[in-house]
1. Could we say that Ser7 is at pLDDT 95 or above, in a loop (DSSP other than H, G, I, E, B), more than 20 Å from Ser72 (Cα to Cα) and of a type in the set (S, T, N, Q) here?
2. Among the residues of region 128-148, is there at least one that is at pLDDT below 50 and of a type in the set (Val, Ile, Thr)?
3. Looking only at residues that are surrounded by 20 or more Cβ atoms within 10 Å (Cβ to Cβ) and touching an Asp or Glu at 6+ places or on another chain (Cβ under 8 Å) in region 136-154, which one is farthest from Ser72 (Cα to Cα)?
4. State whether one or more residues within region 24-32 are part of a helix (DSSP H, G or I) and either hydroxyl-bearing (Ser, Thr, Tyr) or in contact with a Ser or Thr (Cβ under 8 Å, 6 or more places away or on another chain) (or both).
5. Have a look at Ala106, Ala189, Ala89 and point out the one that is exposed (fewer than 14 other Cβ atoms within 10 Å of the Cβ), at pLDDT below 95 and farther than 14 Å from Arg63 by Cβ.
Amino acid sequence: MESLFSSDPVIIGVGNTILSDDGLGVHAAMLLKLDSRVPPGIMVLDGGTMGPELASYASNATRVLLLDAMNSGSAPGTLARMTGRDLLAAKLGSSVHQLGLVDLIAALFLMSTQSQDIVVLGIQPANTDWGTVLSPQVEAALGDLVDAAVAQLQLWNEVPHTVAENRTASRPPMQTQNRRAGESPEKGAA
C-alpha cells in the first residue's frame, strides 16, 4: 500500500521511562507504532535517553516530529507545541531534558543536507521522580498527545514542505493549548 503522506516524516519519542512522566515521549511513540492512523513506512522510534546520536536516524528526513515531556509552565497534563528553531532559540528549551533535546535538534540542523521542518510536541509533566508509571494527569493526556502527533502528520501531508516551513517559522515561540486532559480541544489546535 502506498503511503498517504507525501513526505518522509520521522517520529522520535524521547524520555526516561524510569522517571515517571519523563518517559511520556517513549510511551506516545509506542502507541503511535500501533495506531492505524499512522501509515506504514513512517519511522516511529523509541529514542529513550539517547541525545544527538539520534540525529543519524532523522538527518535525511524533511520532517521530524519529536515527542517529549515539556516544561511549559502550564498545569500538568497540558499539551504544548514548539518548532525546532524556537526550541533552539530558547536559552535551555522547554524539554525536561533541555540540553539533550536541544543538542539533538542542533545536530539535525548541522547534519541534514536539506531544510527540515522540526516540531516538538509534549505534555507538562506532574512528576519526574523515580517511578515507572505516568502520573494520572499525564496518563489522561497521553491520548491527546497521540492525536496531536497524527494531526501534525496530516498537516504535513496537506502542506508542501516549503510552505510548512514558512508556516511553522511564523508561529510564536510557544504554542500551548490551554486545556487539560478530558477538555475538548479548540478548533484548529495541535
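The values are calculated or read from the model by the stated rules, or taken from the named source; none is laboratory data. Please read all numbers here as calculations on a predicted model, not as lab measurements. Virtual Cβ from ideal backbone geometry, glycine too; neighbours counted across all protein chains shown.
1. Values: at pLDDT 95 or above: no; in a loop (DSSP other than H, G, I, E, B): yes; more than 20 Å from Ser72 (Cα to Cα): yes; of a type in the set (S, T, N, Q): yes.
Criteria not met by Ser7.
2. From region 128-148, those at pLDDT below 50 are none; that's our starting set.
No; the residues of region 128-148 include none that is at pLDDT below 50 and of a type in the set (Val, Ile, Thr).
3. Val146
4. For region 24-32, residues part of a helix (DSSP H, G or I) and either hydroxyl-bearing (Ser, Thr, Tyr) or in contact with a Ser or Thr (Cβ under 8 Å, 6 or more places away or on another chain) (or both): present.
5. Numbers: Ala106 fails: exposed (fewer than 14 other Cβ atoms within 10 Å of the Cβ); Ala189 fails: exposed (fewer than 14 other Cβ atoms within 10 Å of the Cβ).
Matching residue, one of Ala106, Ala189, Ala89: Ala89.
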